Amino acid sequence: ILDKIDQERELSFSGMRATPYAWIYTMGTFGIVYPAIGELWTEWWRCGMPGRACGVLQYASVLMYPDEANPIFSPWTPDAGGGPPVPWETDGLIFDKPWLPENVDFLRTTLTTNYVWQAISTAAAVLHGASDASVAEGMVDDFEGRAAFVECRIQELIQYLSLPLGAVRQWITT
């Protein structure tokens with residue numbers, strides 16, 4: 001998964017072929033199957049490489065913005081698909097299982113509003129001078145006004161990951 005994230009270099013996507021869908025959905029499967037999300041997540045959110053910094057911003061954008069206002073993922077359209085990835089989706093046919101309890105517990109204690117703020121700030125610093133740096137800087141600038149939204153999305157995400165996929169889910173916080 002980290003190898004895929006390391007390949008990320010863009011902060012602008014439209015249509016259904018956006019590369020983050022693959023690794024975000026693989027991460028969803030990983031959380032159901034392997035009790036090691038903490039190691040993977042911590043290494044990724046350290047933003048030690050430009051690809052990981054892009055990956056953090058891609059994922060954080062889903063927590064920070066309503067689907068139609070996401071600065072990284074253009075809104076879904078009937079013709080082209082797209083829209084932001086859904087972080088509780090999987091790339092497998094595992095619909096009757098939630099994330100493993102230890103993985104949910106890790107996110108419950110780690111994924112906080114302050115954690116997201118620190119990570120996007122670090123990611124923006126890593127990408128300073130890159131072609132999409134303005135997107136990263138915009139997310140940092142937007143964060144204070146979006147913090148309550150982020151907190152709601154984090155709580156929803158943890159709730160969704162704690163339950164089997166089963167029924168179709170959508171963000172309540174829009």
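Here, each number is a calculation from the coordinates, and none is a lab measurement. Computed from a predicted model, the values in this text were never measured in an experiment. For neighbour counting, all protein chains shown are included, and Cβ atoms are generated from backbone atoms with ideal geometry for every residue, glycine included.
May I ask you to list the residues in the stretch 102-121 that are free of Cβ contacts under 8 Å to residues at least 40 places away in the same chain and either under 13 Å from the mean Cα position of the chain (by Cα) or within 23 Å of P164 (Cα to Cα) (or both)? Passing the criteria: D105, T109. Comparison of L111, L11, L100 shows that the only residue that is under 20 Å from C152 (Cα atoms), crowded, with 18+ Cβ neighbours inside 10 Å and touching a helix residue (DSSP H, G or I) at 6+ places or on another chain (Cβ under 8 Å) is L111. Could you say whether any residue in the stretch 158-173 is buried (at least 17 other Cβ atoms within 10 Å of the Cβ) and part of a helix (DSSP H, G or I)? Checked the stretch 158-173: at least one residue is buried (at least 17 other Cβ atoms within 10 Å of the Cβ) and part of a helix (DSSP H, G or I).
Scanning the stretch 49-67 for residues that are charged (D, E, K, R) and closer than 25 Å to T174 by Cα turns up just one, D67. Can you find a residue that is charged (D, E, K, R), under 14 Å from the mean Cα position of the chain (by Cα) and surrounded by 15 or more Cβ atoms within 10 Å (Cβ to Cβ) anywhere in the stretch 122-133? Within the stretch 122-133, not a single residue is charged (D, E, K, R), under 14 Å from the mean Cα position of the chain (by Cα) and surrounded by 15 or more Cβ atoms within 10 Å (Cβ to Cβ).
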